[in-house]
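For reference, the structure is listed below as structure tokens.
The values are calculated or read from the model by the stated rules, or taken from the named source; none is laboratory data. No experiment lies behind these values; they were computed from the predicted model shown. Note that each Cβ is placed from the backbone with ideal geometry, even for glycine, and that neighbours are counted across all protein chains shown. The protein model used for the area step is the full one, side chains on, heavy atoms only, and it has no ligands, DNA or RNA in it. Shrake-Rupley method; radii C 1.70, N 1.55, O 1.52, S 1.80 Å.
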Amino acid sequence: MTRALPGCLAGSPLAAIAPSLAKAMDASDKSAAARTPETLTLRVSALAFVRLAIETHAVDAFAPHVNALAPCVFRASGDAYYKVAAEAMRACAALVPVLAAARAAAAAVVDASVAAELAAACASRVARVDQDQEVKEAAIACAGAMLAELGEDGVGEAVARETLSLLVDRLKNETTRLCAVKAIGRAAASPVKLNLKMNDVASRAATELAGFLRKANRPLRQASAAALAALATNHAAALSGAFYTLVPIRPRRRGERDSLRTFAGASLRTSLAHNPRPRRLSTPLLTPFNSTPPSLCMERPSDDVASAVVEEASALVADADVALASPALGLASSVLRRASDFPKACEKAKALVVPAALSLASSPLMQKQALVVRSIHWSPYDSVRVVNADP
């Protein structure tokens with residue numbers, strides 16, 4: 001009934017069944033003896049109903065019941081039974097828009113601690129590796145929705161930093177790669193405040209996503225191209241601001257341990273109080289110890305990674321797969337719009353992508369309406385809109 005008649009429970013019906021829903025979601029959480037197949041099934045059904053009720057009702061209709069139902073959902077997310085945990089994570093993802101709308105409206109009907117509890121439950125599930133695949137995918141999808149809707153201000157900078165790092169780590173696992181790419185792309189395309197420069201997240205993610213453009217998995221390539229376009233459009237500063245500076249190694253003095261030498265990125269120079277007359281080198285250094293020669297400065301990965309990404313995307317601009325060519329063109333156009341941040345990548349796009357795009361435009365497979373669609377900067381994270389076309 002809830003699926004067939006959206007909004008039918010708004011008002012008193014939802015208020016009447018909310019206590020029973022909370023009791024059902026905690027049915028098997030009391031003791032080990034209560035964890036029977038019947039109670040577990042009841043708990044899964046209650047969580048699925050809560051998720052469906054959130055998705056089919058307006059935010060104002062469900063917001064008064066968040067404080068009573070959300071703690072039950074968060075407790076269920078830590079359950080050992082994978083079906084309960086997966087359904088709880090889906091319910092958490094459905095709760096995110098409600099919390100975002102309540103926060104934007106500054107409504108006191110939802111406690112401020114609910115968002116923090118949701119972020120903690122989501123980060124705990126994403127960090128775990130010894131869990132079912134269904135739970136992993138649901139937790140990663142919830143993390144992407146949480147970062148995209150709430151951002152740093154909603155969940156806290158520390159939690160956002162931890163969650164972003166976990167999502168980048170999940171890119172290295174083949175079983176969670178696709179859902180992690182979608183989560184990062186959704187977070188990058190969101191207009192809310194999100195600092196992808198923390199922990200070098202943007203550059204690490206761009207390096208991994210560029211390699212995915214060569215994979216045989218078509219959905220993975222399409223999602224990676226869209227995520228890279230979102231990173232280049234909304235977080236170019238995070239991509240261009242990452243660099244490593246190498247500091248020259250100071251020669252070891254007589255009797256000094258190797259651990260006291262100066263390595264790249266750190267200065268462990270001993271105090272002169274321990275050696276008032278340091279041993280002088282017979283051949284003076286070309287530069288002092290406290291300065292970095294230009295030859296040792298390695299700009300990474302601002303233009304180098306962006307240039308490699310454009311080169312990988314240029315191979316997708318072909319009439320062999322028009323659906324893949326669309327996000328690849330969107331990625332190249334995003335880089336070209338930020339020419340001041342990616343000068344080398346822009347030159348690469350002019351040399352590789354533009355000729356491929358012109359060849360694609362003249363392809364017999366590209367009909368009139370297809371050319372119109374290809375001219376639009378498309379992303380799967382954009383809102384759905386109607387394109388006026390000739391019949």
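Structure notes:
- Environment charge of residue 172, counting only residues whose C-beta is closer than 12 Å and scoring Lys/Arg +1, Asp/Glu -1: 0
- For the stretch 167-180, 3J(HN,Hα) per residue [Karplus equation, 6.51 cos²θ - 1.76 cosθ + 1.60, θ = phi - 60°, Hz, x = Gly/Pro]: 5, 5, 5, 5, 5, 7, 9, 5, 6, 10, 5, 5, 5, 5
- Largest accessible area first, the residues 358, 42 order themselves as 358, 42 under a 1.4 Å probe with ligands, DNA and RNA left out.
- Additional length obtainable on full extension of the chain from residue 350 to residue 81, 0.36 nm per residue less Cα span: 91.5 nm
- Protein heavy-atom surface of the stretch 1-96, 1.4 angstrom probe: 61% of the accessible area is carbon and sulfur, with nucleic acids and ligands not counted.
- Cβ-based net charge around residue 7, under 14 Å, with every Lys or Arg adding one and every Asp or Glu removing one: -1
- Portion, in percent, of the accessible area of the stretch 200-242 that falls on carbon or sulfur, probe 1.4 Å: 51 percent
- Whole-angstrom gap from the stretch 53-88 to the stretch 111-152, using each part's C-alpha centre: 13 Å
- Most positive-pole-ward Cα, 151, 133, 119, against dipole of the stretch 106-161 from beta carbon charges: 133
- Per residue, the convex hull spanned by the Cα atoms of the stretch 1-146 amounts to 106 cubic angstrom.
- Listed values for the stretch 85-90 are Karplus-derived 3J(HN,Hα) couplings in whole Hz (6.51 cos²θ - 1.76 cosθ + 1.60, θ = phi - 60°), namely 5, 5, 5, 5, 5, 5, and x replaces Gly and Pro.
- Taking label points 7 Å from Cα along the Cα-to-Cβ direction, residue 23 and residue 134 give a separation of 2.7 nm.
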